[in-house]
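The values are calculated or read from the model by the stated rules, or taken from the named source; none is laboratory data. In this text the structure is predicted, and so the values were computed from the model without any measurement. As a convention, Cβ positions derive from the backbone with ideal geometry for all residues, glycine included, and neighbour counts pool all protein chains shown. The accessibility values were calculated without ligands, DNA or RNA, using every heavy atom of the protein model including side chains. Shrake-Rupley method; radii C 1.70, N 1.55, O 1.52, S 1.80 Å.
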Amino acid sequence: MAEHKFETFRILDEKGKVVNEDELPDLSDDELQELMYRMVYTRVIDQRAVSLGRQGRLGFYAPVAGQEASMLGSHFALEQDDWIAPGYRDVPQLIWQGYPLWQSYLFSKGHYKGGQMPEGVNALPPQIIIGANYVQTTGIALGLKKKGSSQVAITYTGDGGASQGDFYEGINFAGAFQVPAIFVVQNNQYAISVPADQQTAAETIAQKAVAAGIEGVQVDGMDPLAVYVVTKKARKEAQEGHRPTLIETLCYRYGPHSLSGDDPTRYRSSEEDGEWERRDPLVRFRKYLEEKELWTEEKENKIVDQAKADVKEAMKKAEEIPRQKVSDLIEIMGNDLSNNLQEQLEEYRAKESN
(Lines give C-alpha, C1' and ligand atoms only; values in the text may rest on other atoms or scores of the structure.)
Protein backbone atom coordinates (compact mmCIF):
# COMPACT_ATOMS: atom_id res chain seq x y z
CA MET A 1 0.00 0.00 0.00
CA ALA A 2 2.97 2.33 0.44
CA GLU A 3 3.21 2.45 -3.35
CA HIS A 4 -0.39 3.58 -3.73
CA LYS A 5 -1.54 7.05 -2.74
CA PHE A 6 -5.23 7.77 -2.47
CA GLU A 7 -5.41 11.49 -1.84
CA THR A 8 -8.76 13.16 -2.39
CA PHE A 9 -8.91 14.83 -5.80
CA ARG A 10 -10.67 18.19 -5.95
CA ILE A 11 -10.87 21.29 -8.13
CA LEU A 12 -13.18 23.63 -6.20
CA ASP A 13 -13.03 24.39 -2.50
CA GLU A 14 -16.11 24.92 -0.32
CA LYS A 15 -16.30 28.57 -1.39
CA GLY A 16 -16.27 27.76 -5.08
CA LYS A 17 -12.68 28.87 -5.59
CA VAL A 18 -10.44 26.94 -7.97
CA VAL A 19 -7.67 25.16 -6.06
CA ASN A 20 -6.45 22.95 -8.90
CA GLU A 21 -6.18 25.15 -11.98
CA ASP A 22 -4.28 22.56 -14.03
CA GLU A 23 -7.16 20.09 -13.79
CA LEU A 24 -10.01 22.39 -14.81
CA PRO A 25 -12.08 20.55 -17.43
CA ASP A 26 -12.50 21.94 -20.92
CA LEU A 27 -16.22 22.62 -20.57
CA SER A 28 -17.91 25.45 -22.44
CA ASP A 29 -19.99 28.09 -20.65
CA ASP A 30 -23.14 26.38 -21.94
CA GLU A 31 -21.99 23.02 -20.60
CA LEU A 32 -21.17 24.48 -17.18
CA GLN A 33 -24.63 26.03 -17.02
CA GLU A 34 -26.23 22.78 -18.15
CA LEU A 35 -24.53 20.86 -15.36
CA MET A 36 -25.77 23.37 -12.79
CA TYR A 37 -29.23 23.24 -14.35
CA ARG A 38 -29.34 19.49 -13.83
CA MET A 39 -28.17 19.78 -10.22
CA VAL A 40 -30.76 22.42 -9.31
CA TYR A 41 -33.53 20.54 -11.12
CA THR A 42 -32.58 17.34 -9.30
CA ARG A 43 -32.55 19.04 -5.89
CA VAL A 44 -36.08 20.32 -6.51
CA ILE A 45 -37.55 17.02 -7.72
CA ASP A 46 -35.91 15.33 -4.74
CA GLN A 47 -37.56 17.80 -2.33
CA ARG A 48 -40.91 17.23 -4.02
CA ALA A 49 -40.47 13.44 -3.90
CA VAL A 50 -39.83 13.57 -0.16
CA SER A 51 -43.00 15.63 0.25
CA LEU A 52 -45.03 13.27 -1.96
CA GLY A 53 -43.72 10.29 -0.03
CA ARG A 54 -44.80 11.78 3.28
CA GLN A 55 -48.24 12.39 1.77
CA GLY A 56 -48.47 8.68 1.01
CA ARG A 57 -48.51 9.25 -2.74
CA LEU A 58 -45.21 7.45 -3.33
CA GLY A 59 -43.81 4.20 -1.99
CA PHE A 60 -40.13 3.51 -1.36
CA TYR A 61 -37.90 6.52 -1.94
CA ALA A 62 -34.21 7.17 -1.20
CA PRO A 63 -33.42 10.91 -0.95
CA VAL A 64 -30.47 12.26 -2.96
CA ALA A 65 -29.90 15.81 -1.67
CA GLY A 66 -26.18 16.30 -1.11
CA GLN A 67 -25.17 13.77 -3.75
CA GLU A 68 -26.02 15.78 -6.86
CA ALA A 69 -22.39 16.51 -7.76
CA SER A 70 -21.46 12.86 -7.36
CA MET A 71 -24.38 11.59 -9.41
CA LEU A 72 -24.63 14.21 -12.12
CA GLY A 73 -20.97 15.15 -12.38
CA SER A 74 -20.21 11.53 -13.20
CA HIS A 75 -23.15 11.12 -15.56
CA PHE A 76 -22.18 14.32 -17.38
CA ALA A 77 -18.88 12.68 -18.36
CA LEU A 78 -20.65 9.83 -20.20
CA GLU A 79 -21.93 9.48 -23.73
CA GLN A 80 -25.66 9.06 -24.23
CA ASP A 81 -25.27 5.50 -25.51
CA ASP A 82 -23.20 4.29 -22.56
CA TRP A 83 -24.84 1.80 -20.20
CA ILE A 84 -25.93 2.55 -16.62
CA ALA A 85 -26.64 -0.06 -13.97
CA PRO A 86 -28.01 2.05 -11.09
CA GLY A 87 -28.74 1.36 -7.47
CA TYR A 88 -32.09 2.35 -5.99
CA ARG A 89 -30.85 5.86 -5.08
CA ASP A 90 -29.57 6.55 -8.59
CA VAL A 91 -32.79 7.65 -10.25
CA PRO A 92 -31.42 11.13 -11.18
CA GLN A 93 -28.81 9.63 -13.50
CA LEU A 94 -31.54 7.54 -15.13
CA ILE A 95 -33.74 10.59 -15.67
CA TRP A 96 -30.95 12.42 -17.47
CA GLN A 97 -30.36 9.24 -19.45
CA GLY A 98 -33.93 9.42 -20.74
CA TYR A 99 -35.99 7.60 -18.09
CA PRO A 100 -39.29 9.53 -17.75
CA LEU A 101 -39.98 11.13 -14.38
CA TRP A 102 -43.47 9.64 -14.25
CA GLN A 103 -42.03 6.14 -14.60
CA SER A 104 -39.68 6.78 -11.70
CA TYR A 105 -42.77 7.41 -9.59
CA LEU A 106 -44.20 4.05 -10.69
CA PHE A 107 -40.92 2.42 -9.67
CA SER A 108 -41.32 4.02 -6.24
CA LYS A 109 -44.82 2.60 -6.03
CA GLY A 110 -43.57 -0.87 -6.95
CA HIS A 111 -45.51 -0.88 -10.23
CA TYR A 112 -44.02 -3.17 -12.85
CA LYS A 113 -44.16 -0.44 -15.50
CA GLY A 114 -41.71 1.57 -13.42
CA GLY A 115 -39.01 -0.96 -14.19
CA GLN A 116 -39.45 -0.87 -17.95
CA MET A 117 -36.79 1.22 -19.66
CA PRO A 118 -38.04 3.06 -22.76
CA GLU A 119 -36.57 1.94 -26.07
CA GLY A 120 -33.21 3.57 -26.69
CA VAL A 121 -32.41 4.15 -23.02
CA ASN A 122 -29.33 2.08 -22.25
CA ALA A 123 -29.94 1.36 -18.61
CA LEU A 124 -31.12 -1.34 -16.24
CA PRO A 125 -33.93 -0.60 -13.77
CA PRO A 126 -32.79 0.60 -10.33
CA GLN A 127 -31.33 -2.36 -8.44
CA ILE A 128 -32.80 -3.03 -5.01
CA ILE A 129 -30.31 -5.77 -4.08
CA ILE A 130 -27.30 -3.87 -2.78
CA GLY A 131 -24.18 -4.54 -4.84
CA ALA A 132 -25.83 -6.87 -7.36
CA ASN A 133 -25.50 -4.27 -10.09
CA TYR A 134 -21.69 -4.50 -9.82
CA VAL A 135 -21.79 -8.05 -11.17
CA GLN A 136 -24.31 -7.04 -13.81
CA THR A 137 -22.08 -4.17 -14.92
CA THR A 138 -19.11 -6.45 -15.43
CA GLY A 139 -21.31 -8.67 -17.59
CA ILE A 140 -22.57 -5.73 -19.64
CA ALA A 141 -19.04 -4.41 -20.09
CA LEU A 142 -17.74 -7.83 -21.13
CA GLY A 143 -20.48 -8.00 -23.74
CA LEU A 144 -19.56 -4.55 -25.05
CA LYS A 145 -15.92 -5.62 -25.28
CA LYS A 146 -16.77 -8.78 -27.20
CA LYS A 147 -18.88 -6.74 -29.63
CA GLY A 148 -16.02 -4.34 -30.21
CA SER A 149 -18.21 -1.48 -29.04
CA SER A 150 -16.91 1.94 -28.02
CA GLN A 151 -19.51 2.13 -25.26
CA VAL A 152 -18.73 1.73 -21.56
CA ALA A 153 -20.78 0.61 -18.59
CA ILE A 154 -21.04 2.49 -15.28
CA THR A 155 -22.58 1.47 -11.98
CA TYR A 156 -23.15 2.98 -8.55
CA THR A 157 -23.43 1.82 -4.98
CA GLY A 158 -22.93 3.33 -1.54
CA ASP A 159 -20.21 2.78 1.03
CA GLY A 160 -22.26 -0.03 2.52
CA GLY A 161 -22.41 -1.67 -0.89
CA ALA A 162 -18.62 -1.94 -0.84
CA SER A 163 -19.02 -4.48 1.99
CA GLN A 164 -21.09 -6.81 -0.19
CA GLY A 165 -19.70 -9.90 -1.86
CA ASP A 166 -21.11 -8.81 -5.22
CA PHE A 167 -18.95 -5.70 -5.04
CA TYR A 168 -15.74 -7.74 -4.79
CA GLU A 169 -16.85 -10.27 -7.37
CA GLY A 170 -17.74 -7.50 -9.81
CA ILE A 171 -14.47 -5.57 -9.60
CA ASN A 172 -12.41 -8.78 -9.47
CA PHE A 173 -13.84 -10.18 -12.70
CA ALA A 174 -13.69 -6.73 -14.30
CA GLY A 175 -9.97 -6.69 -13.60
CA ALA A 176 -9.44 -10.28 -14.69
CA PHE A 177 -11.20 -9.75 -18.03
CA GLN A 178 -10.19 -6.08 -18.46
CA VAL A 179 -13.66 -4.84 -19.31
CA PRO A 180 -14.76 -1.25 -20.11
CA ALA A 181 -16.45 -0.54 -16.78
CA ILE A 182 -16.58 2.30 -14.27
CA PHE A 183 -17.49 1.42 -10.69
CA VAL A 184 -18.63 4.32 -8.50
CA VAL A 185 -18.93 4.07 -4.73
CA GLN A 186 -20.79 7.06 -3.38
CA ASN A 187 -19.39 7.20 0.12
CA ASN A 188 -22.10 9.26 1.79
CA GLN A 189 -20.65 8.29 5.19
CA TYR A 190 -23.45 5.99 6.34
CA ALA A 191 -24.89 2.65 5.23
CA ILE A 192 -28.31 3.46 6.68
CA SER A 193 -27.13 4.06 10.27
CA VAL A 194 -23.73 2.35 10.14
CA PRO A 195 -20.81 4.80 9.69
CA ALA A 196 -18.20 4.10 7.03
CA ASP A 197 -15.42 3.45 9.57
CA GLN A 198 -17.44 0.50 10.89
CA GLN A 199 -17.93 -0.86 7.38
CA THR A 200 -14.23 -1.36 6.70
CA ALA A 201 -10.82 -1.02 8.33
CA ALA A 202 -9.37 0.26 5.05
CA GLU A 203 -8.44 3.93 5.05
CA THR A 204 -10.27 4.41 1.76
CA ILE A 205 -12.70 2.45 -0.36
CA ALA A 206 -10.69 3.46 -3.42
CA GLN A 207 -7.77 1.29 -2.31
CA LYS A 208 -9.91 -1.83 -2.62
CA ALA A 209 -9.22 -1.52 -6.35
CA VAL A 210 -5.61 -2.63 -5.73
CA ALA A 211 -6.60 -6.20 -4.91
CA ALA A 212 -8.67 -6.38 -8.11
CA GLY A 213 -5.80 -5.08 -10.22
CA ILE A 214 -7.71 -2.05 -11.43
CA GLU A 215 -7.33 1.70 -11.08
CA GLY A 216 -8.69 3.33 -7.91
CA VAL A 217 -9.30 7.01 -7.22
CA GLN A 218 -10.90 9.03 -4.43
CA VAL A 219 -12.60 12.31 -5.30
CA ASP A 220 -14.42 15.09 -3.48
CA GLY A 221 -17.97 14.05 -4.27
CA MET A 222 -19.34 17.50 -3.41
CA ASP A 223 -17.27 19.02 -6.25
CA PRO A 224 -19.03 18.47 -9.62
CA LEU A 225 -16.01 19.48 -11.69
CA ALA A 226 -13.69 17.08 -9.86
CA VAL A 227 -16.18 14.22 -10.23
CA TYR A 228 -16.59 15.04 -13.92
CA VAL A 229 -12.82 15.02 -14.52
CA VAL A 230 -12.11 11.68 -12.82
CA THR A 231 -15.08 10.03 -14.54
CA LYS A 232 -14.04 11.41 -17.92
CA LYS A 233 -10.56 9.97 -17.40
CA ALA A 234 -12.03 6.65 -16.30
CA ARG A 235 -14.23 6.55 -19.37
CA LYS A 236 -11.24 7.15 -21.64
CA GLU A 237 -9.34 4.34 -19.94
CA ALA A 238 -12.35 2.03 -20.27
CA GLN A 239 -12.98 2.89 -23.90
CA GLU A 240 -9.43 2.96 -25.24
CA GLY A 241 -7.76 0.31 -23.11
CA HIS A 242 -10.63 -1.70 -21.62
CA ARG A 243 -9.23 -0.79 -18.20
CA PRO A 244 -11.85 -0.55 -15.43
CA THR A 245 -11.73 2.06 -12.66
CA LEU A 246 -13.12 2.21 -9.14
CA ILE A 247 -14.11 5.75 -8.12
CA GLU A 248 -14.88 6.62 -4.49
CA THR A 249 -16.81 9.88 -4.22
CA LEU A 250 -16.79 11.45 -0.75
CA CYS A 251 -20.22 12.97 -0.27
CA TYR A 252 -23.12 13.21 2.19
CA ARG A 253 -26.83 12.59 2.09
CA TYR A 254 -28.64 15.40 3.85
CA GLY A 255 -31.83 13.46 4.42
CA PRO A 256 -32.63 9.98 5.75
CA HIS A 257 -31.45 6.79 4.08
CA SER A 258 -34.99 6.33 2.82
CA LEU A 259 -38.51 7.37 3.76
CA SER A 260 -39.11 3.92 5.25
CA GLY A 261 -38.78 4.94 8.88
CA ASP A 262 -35.12 5.99 9.01
CA ASP A 263 -34.35 8.81 11.47
CA PRO A 264 -30.83 10.19 10.86
CA THR A 265 -30.91 12.27 14.05
CA ARG A 266 -30.46 9.02 15.99
CA TYR A 267 -27.01 8.40 14.56
CA ARG A 268 -25.81 11.78 13.20
CA SER A 269 -25.10 14.98 15.09
CA SER A 270 -26.24 18.46 14.13
CA GLU A 271 -22.58 19.51 14.12
CA GLU A 272 -21.76 16.89 11.51
CA ASP A 273 -24.75 17.89 9.40
CA GLY A 274 -23.71 21.52 9.59
CA GLU A 275 -20.15 20.73 8.54
CA TRP A 276 -21.32 18.93 5.40
CA GLU A 277 -23.97 21.55 4.62
CA ARG A 278 -21.15 24.08 4.31
CA ARG A 279 -19.82 21.88 1.50
CA ASP A 280 -23.17 21.82 -0.33
CA PRO A 281 -22.42 21.04 -3.99
CA LEU A 282 -25.06 23.46 -5.28
CA VAL A 283 -23.76 26.34 -3.16
CA ARG A 284 -20.17 25.63 -4.18
CA PHE A 285 -20.87 25.39 -7.90
CA ARG A 286 -23.23 28.36 -7.81
CA LYS A 287 -20.49 30.58 -6.37
CA TYR A 288 -18.08 29.39 -9.04
CA LEU A 289 -20.53 30.19 -11.84
CA GLU A 290 -21.53 33.54 -10.35
CA GLU A 291 -17.87 34.52 -10.27
CA LYS A 292 -17.75 33.75 -14.00
CA GLU A 293 -21.01 35.69 -14.51
CA LEU A 294 -22.75 32.54 -15.74
CA TRP A 295 -25.46 32.24 -13.11
CA THR A 296 -28.18 34.41 -11.61
CA GLU A 297 -30.95 34.04 -9.07
CA GLU A 298 -33.47 34.69 -11.83
CA LYS A 299 -32.09 31.82 -13.90
CA GLU A 300 -32.25 29.45 -10.94
CA ASN A 301 -35.80 30.46 -10.01
CA LYS A 302 -36.97 29.58 -13.52
CA ILE A 303 -35.47 26.11 -13.15
CA VAL A 304 -37.16 25.66 -9.78
CA ASP A 305 -40.53 26.62 -11.25
CA GLN A 306 -40.03 24.32 -14.22
CA ALA A 307 -39.08 21.37 -11.99
CA LYS A 308 -42.14 21.88 -9.78
CA ALA A 309 -44.41 21.98 -12.83
CA ASP A 310 -42.78 18.86 -14.27
CA VAL A 311 -43.27 17.00 -10.98
CA LYS A 312 -46.94 17.94 -10.90
CA GLU A 313 -47.49 16.73 -14.45
CA ALA A 314 -45.49 13.53 -13.95
CA MET A 315 -47.31 12.65 -10.73
CA LYS A 316 -50.67 13.21 -12.42
CA LYS A 317 -49.68 10.81 -15.21
CA ALA A 318 -48.35 8.20 -12.77
CA GLU A 319 -51.55 8.29 -10.72
CA GLU A 320 -53.64 7.76 -13.86
CA ILE A 321 -51.95 4.42 -14.53
CA PRO A 322 -54.23 1.55 -13.39
CA ARG A 323 -53.20 -0.12 -10.16
CA GLN A 324 -51.05 -3.18 -10.55
CA LYS A 325 -52.79 -6.56 -10.36
CA VAL A 326 -51.36 -9.93 -9.37
CA SER A 327 -52.05 -11.17 -12.88
CA ASP A 328 -49.83 -8.36 -14.23
CA LEU A 329 -46.90 -9.67 -12.20
CA ILE A 330 -47.41 -13.24 -13.36
CA GLU A 331 -47.83 -12.20 -16.97
CA ILE A 332 -44.44 -10.44 -17.16
CA MET A 333 -42.46 -13.31 -15.65
CA GLY A 334 -41.61 -14.64 -19.10
CA ASN A 335 -42.59 -14.80 -22.73
CA ASP A 336 -43.58 -18.46 -22.37
CA LEU A 337 -45.10 -19.20 -18.97
CA SER A 338 -44.73 -22.62 -17.40
CA ASN A 339 -47.89 -24.68 -16.91
CA ASN A 340 -48.20 -23.84 -13.21
CA LEU A 341 -47.76 -20.10 -13.86
CA GLN A 342 -50.29 -20.24 -16.67
CA GLU A 343 -52.78 -21.89 -14.29
CA GLN A 344 -52.13 -19.20 -11.66
CA LEU A 345 -52.53 -16.47 -14.29
CA GLU A 346 -55.94 -17.79 -15.34
CA GLU A 347 -56.97 -18.22 -11.70
CA TYR A 348 -56.12 -14.61 -10.80
CA ARG A 349 -57.66 -13.21 -13.95
CA ALA A 350 -60.90 -14.91 -13.01
CA LYS A 351 -60.75 -13.49 -9.48
CA GLU A 352 -59.91 -9.99 -10.69
CA SER A 353 -62.79 -9.95 -13.18
CA ASN A 354 -65.36 -10.58 -10.46
Check your understanding: Hey, got a sec? Which GluC sites (Glu not before Pro) in region 291-344 land in a DSSP loop and have at most 16 other Cβ atoms within 10 Å?
Key -> Glu293
Exercise for review: Any of Lys113/Lys208; Lys113/Lys308; Lys5/Lys236; Lys15/Lys109; Lys109/Lys233; Lys147/Lys317 with alpha carbons more than 28 Å apart? Name them for me.
Suggested key: Lys113/Lys208; Lys15/Lys109; Lys109/Lys233; Lys147/Lys317
Exercise for review: At 1.4 Å probe size, with no ligands or nucleic acids counted, give the accessible surface of His75 in Å², nearest ten.
Suggested key: 10 Å²
Check your understanding: How large is ³J(HN,Hα) for each residue in region 312-323, as worked out from phi by the Karplus curve 6.51 cos²θ - 1.76 cosθ + 1.60 (θ = phi - 60°), to whole Hz, x for Gly and Pro?
Key -> 4, 5, 5, 5, 4, 5, 5, 6, 8, 5, x, 4
Check your understanding: Of Val230, Leu106, Ile128, which is farthest along the charge dipole of the chain in the positive direction, counting Lys and Arg as +1 and Asp and Glu as -1 at C-beta?
Key -> Leu106
Practice item. Please quote Rg/Rh for the chain to two decimal places, taking the Kirkwood radius as Rh and restricting both calculations to Cα atoms. Key: 0.98
Practice item. Express as a percent, rounded to the nearest 5, the fraction of DSSP beta bridges in region 29-323 (both residues included) that run antiparallel. Key: 10 percent
Check your understanding: Taking trypsin sites (Lys or Arg not before Pro) as exposed when DSSP calls them loop (any state but H, G, I, E, B) and at most 14 other Cβ atoms lie within 10 Å, what is the longest stretch of the chain free of them, the sites themselves excluded?
Key -> 18-277
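I need to check one value: relative contact order of the chain, counting alpha carbon pairs closer than 8 Å and at least 6 residues apart, in percent.
Numbers: 620 pairs, mean separation 83.2, N = 354.
Reported as a whole number, the value is 24 percent.
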Point to revise | Angle between the chain longest axis and helix 224-241 axis [Cα atoms, degrees, rounded to 10] | key: 80 degrees
Check your understanding: Share of region 29-323's accessible area from carbon and sulfur, percent, 1.4 Å?
Key -> 48 percent
Study note, to complete from the structure: Karplus ³J(HN,Hα) for region 122-131 (6.51 cos²θ - 1.76 cosθ + 1.60, θ = phi - 60°; Hz, whole; x = Gly/Pro) runs 7, 7, 8, x, x, 8, 7, 6, 5, x
Revision key, fill the gap. The answer for Ala123, listing residues at least 5 apart or on another chain whose modeled amide H is closer than 5 Å to its amide H, is Ile84
**Study point:** Mean ellipticity per residue at 222 nm, deg cm²/dmol - from DSSP H runs of n ≥ 4 across the chain, formula -39500 (n - 2.57)
**Key:** -14500 deg cm²/dmol
Check your understanding: Excluding ligands, DNA and RNA, what is the solvent-accessible area per residue of the chain at a probe of 1.4 Å, expressed in Å²?
Key -> 48 Å²
Study note, to complete from the structure: For region 11-21, Karplus-derived ³J(HN,Hα) couplings (6.51, -1.76, 1.60; θ = phi - 60°; whole Hz; x for glycine and proline) come out as 10, 10, 8, 4, 9, x, 8, 6, 10, 9, 4
Check your understanding: Taking a probe of 1.4 angstrom, what is the accessible area of Val217 in Å², to the nearest 10?
Key -> 30 Å²
Practice item. Write out the chymotrypsin sites (Phe, Trp or Tyr not before Pro) in region 188-290 meeting two conditions: DSSP loop, and at most 14 other Cβ atoms within 10 Å of their Cβ. Key: Tyr267
Revision key, fill the gap. Expected sort for 116-123, 134-141, 170-177, 334-341 on mean C-beta neighbours within 10 Å, highest first, is 134-141, 170-177, 116-123, 334-341
Practice item. Pop a pseudo-label 7 angstrom from the Cα along the beta-carbon direction at both Ser338 and Glu320 and give the gap in nm to one decimal. Key: 3.9 nm
Review point. Cα centroids of region 236-277 and region 75-95: how far apart, whole angstrom?
Key: 16 Å
